[in-house]
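For reference, the structure is listed below as structure tokens.
Just so it is clear, none of the values below were taken in a lab; they were calculated from the coordinates. Not measured: the values here are computed from a predicted model. No Cβ is skipped: glycine too gets one built from the backbone with ideal geometry, and neighbour counts run over all protein chains shown.
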């Protein structure tokens, strides 16, 4: 059984050491969560919204929609980021519990696959 109390304490008050492993973990998390398409996704969604909702027009044509559009975009971004971070946390917690339960604490590569 995994000590979930230790997990939540570590989640709130992590043990950080400024060594190579910390920076490798930071690079791994950033490298797997930041993708180039994410930078253009919101803009593409706004273009689609102006096409599918006739009441919405580009802000250059109807600048008074700007305040409500930015509030909607802000809410969409915050909710999306919160959900994606919860999913990432669940994946990391599941992997940690599985590996810790198997006493496999020295991971150097992914699992080997059988070649058929």
Legend entry - Difference of contour (0.36 nm per residue) and Cα-Cα distance, residue 100 to residue 52: 12.4 nm
Legend entry - Using a Förster distance of 30 Å, the FRET efficiency for residue 25-residue 74 (Cβ separation, nearest 0.05): 0.50
Legend entry - Extension reserve of the residue 40-residue 12 stretch, reckoned as 0.36 nm per residue once the Cα distance is removed: 6.8 nm
